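Worksheet: the structure to be examined is printed underneath.
FYI, it's all coordinate maths here, none of it is from the lab. No experiment lies behind these values; they were computed from the predicted model shown. A quick note on method: Cβ atoms are made from the backbone with ideal geometry, for glycine too, and the neighbour counts reach across all protein chains shown.
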Amino acid sequence: MASDNYPGISSWMMAQSSEETEHAEKLIKFVEDRGGRVSFLAIDAPEADLKSPLEAFKSAYKHEQFIAGEINKLFAQAVKEKGYAAEVLLEWFVEEQVEEEASVGLLVEKFKRVGDNPAELLMLDSEVGSREEGD
């Protein structure tokens, strides 16, 4: 998005990426603290040719919904196996995903409202870019 002159959106996406890295590190530490070993598999690259800020945030929202579903599956497995420590950790992630979906969903709605209006897009870009670390 920075290449499309949306520095605020670019900043928001970078902050989001950093937050997601912290979440991954939290899971890695949990597994390793219990003697497990973490390995990474290749994943498909995300869509890189998004046509608008709205399209970018719709894609982000869809991904947040997917992640919420995956966390719910892990939580259900932890309950089934009486993995109480995992339940506690995953409860934090369940709550976090509620916040993530609400936050990104609100941005989708805001971008829908402004449509293609250049002045309003610039104002919303500025608002999105004011995100504080950890928001």
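Assorted remarks:
- Selection count, the stretch 55-91, where residues are hydroxyl-bearing (Ser, Thr, Tyr) and surrounded by fewer than 11 Cβ atoms within 10 Å (Cβ to Cβ): 1
- Residues of the stretch 22-41 that turn out to be among the acidic types (Asp, Glu) and in a loop (DSSP other than H, G, I, E, B), as a count: 0
- Residue check, residue 19 assigned to a helix (DSSP H, G or I) and under 20 Å from the mean Cα position of the chain (by Cα): yes
- One residue stands out in the stretch 116-135 among those that are without any contact (Cβ under 8 Å) to a residue 24 or more places away in the chain and either assigned to a loop (DSSP other than H, G, I, E, B) or of a type in the set (Asp, Glu) (or both): the one that is surrounded by the fewest Cβ atoms within 10 Å (Cβ to Cβ), namely 132.
- The set of residues in the stretch 95-135 being of a type in the set (A, V, I, L, M) and either touching a His at 6+ places or on another chain (Cβ under 9 Å) or within 15 Å of residue 17 (Cβ to Cβ) (or both) consists of 104, 128.
- Residue match in the stretch 47-54 (condition: in contact with a helix residue (DSSP H, G or I) (Cβ under 8 Å, 6 or more places away or on another chain) and loosely packed, with under 14 Cβ neighbours inside 10 Å): yes
Here is a yes/no grid of residues against (1) within 13 Å of the chain's Cα centre (by Cα); (2) at positive phi; (3) among the charged types (D, E, K, R):
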| position | (1), (2), (3) |
| --- | --- |
| 54 | no, no, no |
| 61 | yes, no, no |
| 64 | yes, no, yes |
| 68 | yes, no, no |
| 71 | yes, no, no |
| 75 | no, no, no |
| 79 | no, no, no |
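- Total residues in the stretch 73-109, condition assigned to a helix (DSSP H, G or I), among the charged types (D, E, K, R) and out of contact with any helix residue (DSSP H, G or I) (no Cβ under 6 Å at 6 or more places or on another chain): 7
- Condition check for residue 20: more than 20 Å from residue 126 (Cα to Cα) and either surrounded by 10 or more Cβ atoms within 10 Å (Cβ to Cβ) or not hydroxyl-bearing (Ser, Thr, Tyr) (or both): yes
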